[in-house]
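The values are calculated or read from the model by the stated rules, or taken from the named source; none is laboratory data. Keep in mind the model is a prediction, meaning the values are calculated, not measured. Cβ: placed from backbone, ideal geometry, glycine included. Neighbour counts: every protein chain shown. We work out accessible area using only protein heavy atoms, side chains counted, and drop any ligands, DNA or RNA first. Shrake-Rupley method; radii C 1.70, N 1.55, O 1.52, S 1.80 Å.
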Amino acid sequence: MKVELIHTNGLEFIDSGIGLCYDKGIYCDVEKRDNRIKKVALKFKHSSVLEFTNFIFDVTASTKVLLEMTRHRLANYACKSSRYTLNKGEVVFEPTGNELVDRKLWNWKQEIEECIGIGISNEITSLMLPQAYQYRWQVQFNARSLQNFLELRRAKSAHFQIREVAEAMFEAVPDEMKYLFEEK
């Protein structure tokens with residue numbers, strides 16, 4: 001599993017949205033800006049202005065995580081295609097932490113690699129990939145959607161792999177922006 005924040009456009013756009021709504025302009029003073037965002041967007045729940053700030057993450061994780069993430073409809077995804085790339089590298093599965101399951105996945109990996117080795121097309125072989133298969137994708141969230149995602153997927157009831165990805169996404173957020181996503 002790997003998560004990297006590859007872009008964010010900062011807090012200025014949230015502040016400018018708030019400033020426009022209240023005809024107050026944009027604060028250049030960071031402390032005033034952060035206090036206004038905390039008060040208006042977080043405390044008073046005028047959260048639509050959070051949609052002006054975006055985060056793009058590069059994620060490598062299991063298909064299970066990808067499936068869980070796509071349930072968050074207010075995000076944009078670009079995913080590496082197994083149909084076109086399966087035969088261009090090693091087949092990698094995310095470990096489950098269960099010795100028996102991991103051993104069976106290793107055996108299944110051998111079956112998949114045999115199919116690739118004898119020339120069965122990626123289009124057919126990709127149908128054999130289990131949820132432990134490791135994909136790579138980029139996902140873009142606005143700050144409001146990322147709040148929702150992190151709240152749901154950092155919870156103890158979330159699947160352990162998506163919880164790890166959500167924690168890594170939170171850690172990748174710049175420190176000066178973390179207050180947008182801290183548990184209330």
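A few notes on this one:
- Matching residues, the stretch 30-59, being of a type in the set (A, V, I, L, M, F, W, C) and open to solvent by 10 Å² or more (accessible area, probe 1.4 Å): V30, V40, L42, F44, F52, I56
- Yes/no for R71 being closer than 27 Å to L150 by Cβ, in contact with a strand residue (DSSP E or B) (Cβ under 7 Å, 6 or more places away or on another chain) and open to solvent by 40 Å² or more (accessible area, probe 1.4 Å): no
- Within the stretch 64-94, the residues that satisfy the criterion of being part of a helix (DSSP H, G or I) and within 30 Å of T53 (Cβ to Cβ) are K64, V65, L66, L67, E68, M69.
- Hits in the stretch 160-184 - residues which are closer than 15 Å to H72 by Cα and open to solvent by 10 Å² or more (accessible area, probe 1.4 Å): R163
Residue by residue, here is whether (1) surrounded by fewer than 19 Cβ atoms within 10 Å (Cβ to Cβ); (2) touching an Asp or Glu at 6+ places or on another chain (Cβ under 6 Å); (3) touching a residue at least 12 places away in the same chain (Cβ under 8 Å); (4) part of a helix (DSSP H, G or I) holds:
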site	(1), (2), (3), (4)
T96	yes, yes, yes, no
L100	yes, no, no, yes
E114	yes, no, no, yes
Q131	yes, no, yes, no
